[in-house]
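*Asks:* Got a structure for you, questions after.
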Amino acid sequence: MEDDTQQRYLAAKRTVDDRALNRPVLDALTPELGSAGHIVEVGAGIGTMLQRLVEWDRLRVTDDVTYTLVDVDRQSLATATRRLPAWARDRGWGVASDGTADRTPTGSGDGYEPIETIHLDTGRGTLTVRAVPADAVAFLATGEPDVVIGCAFLDLLREPAVDDLFSRLPTGCVCYFPITFDGGTVFEPPASPGFDELVTERYHEDMRRRADPGDPHAGRRLLSRAARDHELLAAGASDWVVAPGLDGAAPDAYPGDEAFFLRHIVRTVHGALADDPAVDDAAVDAWVERRLDDIDAGRLVYLAHQLDVLLRVGRD
């Protein structure tokens, strides 16, 4: 497990996302991936979505496919390029990097320099993985991907930035935006009557007002956009549900590294409220300590409401 907090968080949430992802939406995505020559994942992190799509038999590499990981966080991309070769070898795939594969893979021609390019020989085709540090919206202006994936991504952007992103995409491009937050945050059991609700209300407000803004209702806005301006292919709920005892864990324990995931969420809420004049700092500190104690005792339950949306850009 990576020592860095952000990379460890991204790895820890793999099991949380696995439970949450809407399977009918994934079913609708699968044939689109089968005909894609170039897939771009924005906000790709450490590459867990790519691994999942392969492991769940959604991305079946039977020809040459380029999968570009795009993220502004170079450290996460570097972690991805360290993790993926060992994962591929465990699957019995051949691994080469930086143009040393036997076959020349399909190039994207986007002009961005990847920190590393890895060629994975599946025995049926070549999966070329490019790790590109870049702003997602700027990168999408440089090429014409067949499929764009952004997991837990659009809720990090204001609506004008989402407009800009869609304006860069070619007609016919398929977009899969799973785990898009849609305004529901719940911590149980109650820590302080009324104060839990204030914490979540101000947390959502912080998404609207902070310098690096987000949208607490991005999921419903995306769904509306898809139905209005594009071809909506599939949609469904993908709520995070984290609780002790899930997936075979002990009744007072969390699966995998999900206790770390929960601590990261609680500290994220703490940071969001740190400069909020609407809440008392001492009360927030006490709430955080109570929630961390709840995690240590294996009693905290956390819910977040999200949507998965699959669409095709443009209308017939």
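The values are calculated or read from the model by the stated rules, or taken from the named source; none is laboratory data. Quantities reported herein were computed from a predicted structural model and do not represent experimental measurements. Please note: Cβ atoms are built from the backbone with ideal geometry, for glycine as well, and neighbour counts cover all protein chains shown.
*Asks:* What about L223, is it buried (at least 18 other Cβ atoms within 10 Å of the Cβ), in contact with a Cys (Cβ under 9 Å, 6 or more places away or on another chain) and under 30 Å from A36 (Cβ atoms)?
*Replies:* Numbers: buried (at least 18 other Cβ atoms within 10 Å of the Cβ): yes; in contact with a Cys (Cβ under 9 Å, 6 or more places away or on another chain): no; under 30 Å from A36 (Cβ atoms): yes.
So L223 does not fit the description; no.
*Asks:* Checking the structure you have, find out if any residue of the range 62-69 is of a type in the set (A, V, I, L, M, F, W, C), out of contact with any Ser or Thr (no Cβ under 6 Å at 6 or more places or on another chain) and under 20 Å from A235 (Cα atoms).
*Replies:* For the range 62-69, residues of a type in the set (A, V, I, L, M, F, W, C), out of contact with any Ser or Thr (no Cβ under 6 Å at 6 or more places or on another chain) and under 20 Å from A235 (Cα atoms): absent.
*Asks:* Of the numbered conditions (1) under 30 Å from A282 (Cα atoms); (2) touching a helix residue (DSSP H, G or I) at 6+ places or on another chain (Cβ under 9 Å), E201 satisfies every one except a single condition; which is it?
*Replies:* Unmet for E201, out of (1) under 30 Å from A282 (Cα atoms); (2) touching a helix residue (DSSP H, G or I) at 6+ places or on another chain (Cβ under 9 Å): (2).
*Asks:* Something else about it: Can you pull out every residue in the range 147-190 that is among the β-branched types (V, I, T) and either in contact with a strand residue (DSSP E or B) (Cβ under 9 Å, 6 or more places away or on another chain) or modelled with pLDDT of 95 or more (or both)?
*Replies:* Result: V147, V148, I149, T171, V174, I179, T180, T185, V186.
*Asks:* Taking only the range 128-161 into account, find how many residues are hydrophobic (A, V, I, L, M, F, W, C), in contact (Cβ under 8 Å) with a residue 24 or more places away in the chain and over 23 Å from L26 (Cα atoms).
*Replies:* Selection size over the range 128-161: 8.
*Asks:* Follow-up question, since we're still on this one. Could you tell me whether Y254 is of a type in the set (F, W, Y) and part of a loop (DSSP other than H, G, I, E, B)?
*Replies:* Against the criterion (of a type in the set (F, W, Y) and part of a loop (DSSP other than H, G, I, E, B)), Y254 qualifies.
*Asks:* Which residue, of A226, A234, is touching a helix residue (DSSP H, G or I) at 6+ places or on another chain (Cβ under 6 Å) and within 30 Å of E159 (Cβ to Cβ)?
*Replies:* Details: A226 fails: touching a helix residue (DSSP H, G or I) at 6+ places or on another chain (Cβ under 6 Å).
Checking each option against the conditions leaves just A234.
*Asks:* For the range 12-103, give me every one of the strands (runs of 3 or more DSSP E) that falls completely inside it and has 2 or more residues that are more than 15 Å from L127 (Cβ to Cβ).
*Replies:* The strands (runs of 3 or more DSSP E) meeting that bar are 65-71.
*Asks:* Can you tell me which condition L303 does not meet? The list is (1) in contact with a strand residue (DSSP E or B) (Cβ under 9 Å, 6 or more places away or on another chain); (2) farther than 21 Å from N22 by Cβ; (3) surrounded by fewer than 16 Cβ atoms within 10 Å (Cβ to Cβ), and all the others hold.
*Replies:* (2)
*Asks:* Hey, does the range 179-195 have a residue that's charged (D, E, K, R), in contact with a Gly (Cβ under 6 Å, 6 or more places away or on another chain) and assigned to a helix (DSSP H, G or I)?
*Replies:* Within the range 179-195, not a single residue is charged (D, E, K, R), in contact with a Gly (Cβ under 6 Å, 6 or more places away or on another chain) and assigned to a helix (DSSP H, G or I).
*Asks:* Right, something else. Of all the residues that make up the range 225-246, how many are over 24 Å from T5 (Cα atoms) and not polar (S, T, N, Q)?
*Replies:* Of the residues in the range 225-246, 14 are over 24 Å from T5 (Cα atoms) and not polar (S, T, N, Q).
*Asks:* Restricting the range 272-285 to residues that are in a helix (DSSP H, G or I) and without any contact (Cβ under 8 Å) to a residue 60 or more places away in the chain, which is surrounded by the fewest Cβ atoms within 10 Å (Cβ to Cβ)? Steps first, please.
*Replies:* Just the residues of the range 272-285 that are in a helix (DSSP H, G or I), to begin with: 272-273, 281-285.
From the residues that got through so far, the ones that are without any contact (Cβ under 8 Å) to a residue 60 or more places away in the chain too are 281-282, 285.
Details: D281: 12, A282: 8, D285: 13.
Once the filter is applied, the top-ranked residue is A282.
*Asks:* Hey, another quick one. Among the residues of the range 226-250, count how many are assigned to a loop (DSSP other than H, G, I, E, B), surrounded by 20 or more Cβ atoms within 10 Å (Cβ to Cβ) and among the hydrophobic types (A, V, I, L, M, F, W, C).
*Replies:* Qualifying residue count for the region: 0.
*Asks:* Within the set of pairs 6+ apart or on separate chains, which have a first residue in the range 165-176 that is at positive phi, a second that is part of a loop (DSSP other than H, G, I, E, B) and modelled with pLDDT of 95 or more, and C-beta atoms under 7 Å apart?
*Replies:* Qualifying pairs under 7 Å: G172/V313.
*Asks:* When you check V269 against the structure, is it touching a residue at least 60 places away in the same chain (Cβ under 8 Å), within 15 Å of V186 (Cα to Cα) and not in a helix (DSSP H, G or I), yes or no?
*Replies:* Answer is no for this residue.
*Asks:* Could you pull out the residue among R312, R291 that is in contact with a strand residue (DSSP E or B) (Cβ under 9 Å, 6 or more places away or on another chain), in contact (Cβ under 8 Å) with a residue 12 or more places away in the chain, crowded, with 17+ Cβ neighbours inside 10 Å and under 18 Å from E188 (Cα atoms)?
*Replies:* R291
*Asks:* Which numbered condition trips up Y9, out of (1) in contact with a strand residue (DSSP E or B) (Cβ under 9 Å, 6 or more places away or on another chain); (2) over 14 Å from V148 (Cα atoms); (3) not in a loop (DSSP other than H, G, I, E, B)?
*Replies:* With (1) in contact with a strand residue (DSSP E or B) (Cβ under 9 Å, 6 or more places away or on another chain); (2) over 14 Å from V148 (Cα atoms); (3) not in a loop (DSSP other than H, G, I, E, B) applied to Y9, the lone miss is (1).
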